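**Q** Below: one structure in structure tokens.
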Amino acid sequence: MTSDSLSAKSAPSTSIGKSSVNDLHPEIDLERVPRHVAIIMDGNGRWAVSRGLERNAGHREGIESVREIIRACRDYGVECLTLYAFSIENWNRPKGEVSELMRLLEEYLETELAEVMEHRAQVRSIGRLDRLPPSTRRAVERTVEKTADNDGMKLVFALSYGGRAEIVDAARRLARDAELGKIDAEGLDEKGFASYLYASDIPDPDLLIRTGAEQRISNFLLWQIAYAELHMSQRMWPEFRRGEFEAAVLDYQRRERRFGLTSEQVSSDSAHSSSVNESDS
Ligand code: FPP
């Protein structure tokens, strides 16, 4: 875990959704960009309060970061971006804050659809969507349906999401299938269990970023981050922009991912390609 490097070049996109190859950071190895980046977007409230604003102003500014980071991921060829937009614990926040977050999400999905379609992004969601207000749920489902056939970057919104809840939901579905004789519980392995998770077709995150100067996982993708590299940023989410994302990727590229192997094994090509298997420790 490291703090941000301010040496990364911050190259703002010149026009909405557009960027040229010149915008790319020269030190980022495009062959080793994380395939799946997951982000815990924390610090909206503190960002706002420290400026004498109400907390919701932080969420509104946080949407600008969402836009910029999605574009940066697309520019660098990240295949999947998962954003922790609303946790299952967030339902306990003040009513006004919850309803503003839902309203912002609906507004965001509506205003971004054109750009999402232009770039062929596929929007997905994970979490207990049945708890969302009907209009928010409909907005999410509509966007997911409209973008289902897109073959670009996968953009996953974790909504009403909890990592433990996801594992419980998987266990429930699995128990039902076992009862119906569809699976043999005795023969179940990690791959079999993972197939019951919310978005089982998506590879595990390679890089998990958390903003907001905190060092915790907060019930996010508990199963999937087993081998993710962690980047904890001192920035509050509304301040986390393209330059900070590039710093996170550079940090990731300095790591040696060993998946339980020795450094020597990883250096040899054959070991490198063997990736994670169930006997890893
Ligand atoms: C945490 O900040 C952030 C959230 C509760 C959710 C993130 C939401 C957004 C970026 C806006 C809406 C998102 C989309 C995708 C439209 P916090 O309030 O916990 O910050 P704090 O720790 O400083 O209080």
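**Q** Under 9 Å between Cβ atoms, which residue pairs at least 6 apart in sequence (or on different chains) link something in the stretch 40-56 that is in a loop (DSSP other than H, G, I, E, B) with a partner that is more than 6 Å from the ligand (Cβ to nearest atom) and among the charged types (D, E, K, R)?
**A** Close Cβ pairs (under 9 Å, with a partner that is more than 6 Å from the ligand (Cβ to nearest atom) and among the charged types (D, E, K, R)) amount to Met41/Arg210; Asp42/Arg210; Asp42/Glu214; Gly43/Glu214; Gly43/Arg235; Gly43/Glu239; Leu53/Glu61.
**Q** If the requirement is being within 15 Å of the ligand (Cβ to nearest atom) and farther than 17 Å from Val66 by Cβ, which of these qualifies: Leu155, Leu132? Give the derivation first.
**A** Details: Leu155 fails: farther than 17 Å from Val66 by Cβ.
Unique residue meeting the criteria: Leu132.
**Q** When the residues of the stretch 247-271 are narrowed to those that are more than 18 Å from Leu30 (Cα to Cα) and assigned to a helix (DSSP H, G or I), which ends up modelled with the lowest pLDDT?
**A** Ala271
**Q** Given the conditions (1) within 9 Å of the ligand (Cβ to nearest atom); (2) out of contact with any helix residue (DSSP H, G or I) (no Cβ under 8 Å at 6 or more places or on another chain); (3) part of a strand (DSSP E or B), which single one is not true for Thr82?
**A** Status for Thr82: all satisfied but (1).
**Q** Just one of Ala194, Ala213, Ala185, Ala226 is small (Gly, Ala, Ser) and under 28 Å from Arg46 (Cα atoms); which is it? First the steps, then the outcome.
**A** Numbers: Ala194 fails: under 28 Å from Arg46 (Cα atoms); Ala185 fails: under 28 Å from Arg46 (Cα atoms); Ala226 fails: under 28 Å from Arg46 (Cα atoms).
Answer to the check: Ala213.
**Q** Right, another one. Considering only residues that are at pLDDT 50 or above and assigned to a loop (DSSP other than H, G, I, E, B), which ones fall in the stretch 3-39?
**A** Selection gives Asp4, Ser20, Leu24, His25, Pro26, Glu27, Ile28, Asp29, Val33, Pro34, Arg35.
**Q** Picking from Ile209, Ile167, Ile202, which residue would you name as being of a type in the set (Val, Ile, Thr) and part of a loop (DSSP other than H, G, I, E, B)?
**A** Answer to the check: Ile202.
**Q** Let me ask something additional. So which residues in the stretch 141-152 are under 17 Å from Ile70 (Cα atoms) and either of a type in the set (A, V, I, L, M, F, W, C) or buried (at least 18 other Cβ atoms within 10 Å of the Cβ) (or both)?
**A** Answer for the stretch 141-152, where residues must be under 17 Å from Ile70 (Cα atoms) and either of a type in the set (A, V, I, L, M, F, W, C) or buried (at least 18 other Cβ atoms within 10 Å of the Cβ) (or both): Thr143, Val144, Thr147.
**Q** Being of a type outside the set (A, V, I, L, M, F, W, C), within 14 Å of the ligand (Cβ to nearest atom) and within 17 Å of Val249 (Cβ to Cβ) is the filter here; which residues of the stretch 25-70 pass it?
**A** Once the filter is applied, which keeps residues that are of a type outside the set (A, V, I, L, M, F, W, C), within 14 Å of the ligand (Cβ to nearest atom) and within 17 Å of Val249 (Cβ to Cβ), the stretch 25-70 yields Ser65, Glu68.
**Q** Assigned to a helix (DSSP H, G or I), in contact (Cβ under 8 Å) with a residue 24 or more places away in the chain and either more than 16 Å from the ligand (Cβ to nearest atom) or surrounded by 14 or more Cβ atoms within 10 Å (Cβ to Cβ) (or both), is that true of Ala226?
**A** Criteria not met by Ala226.
**Q** Residues of the stretch 196-220 being within 16 Å of the ligand (Cβ to nearest atom) and either surrounded by fewer than 24 Cβ atoms within 10 Å (Cβ to Cβ) or of a type in the set (Gly, Ala, Ser) (or both), which ones?
**A** Gly212, Ala213, Glu214, Gln215, Arg216, Ile217, Ser218, Asn219, Phe220
**Q** For the stretch 85-127: of the residues being more than 11 Å from the ligand (Cβ to nearest atom) and aliphatic (A, V, I, L, M), which is surrounded by the fewest Cβ atoms within 10 Å (Cβ to Cβ)?
**A** Residue satisfying both the conditions and the ranking: Ala114.
The values are calculated or read from the model by the stated rules, or taken from the named source; none is laboratory data. Quantities reported herein were computed from a predicted structural model and do not represent experimental measurements. Every residue, glycine as well, gets a Cβ built from its backbone with ideal geometry; the counts of neighbours run over all protein chains shown.
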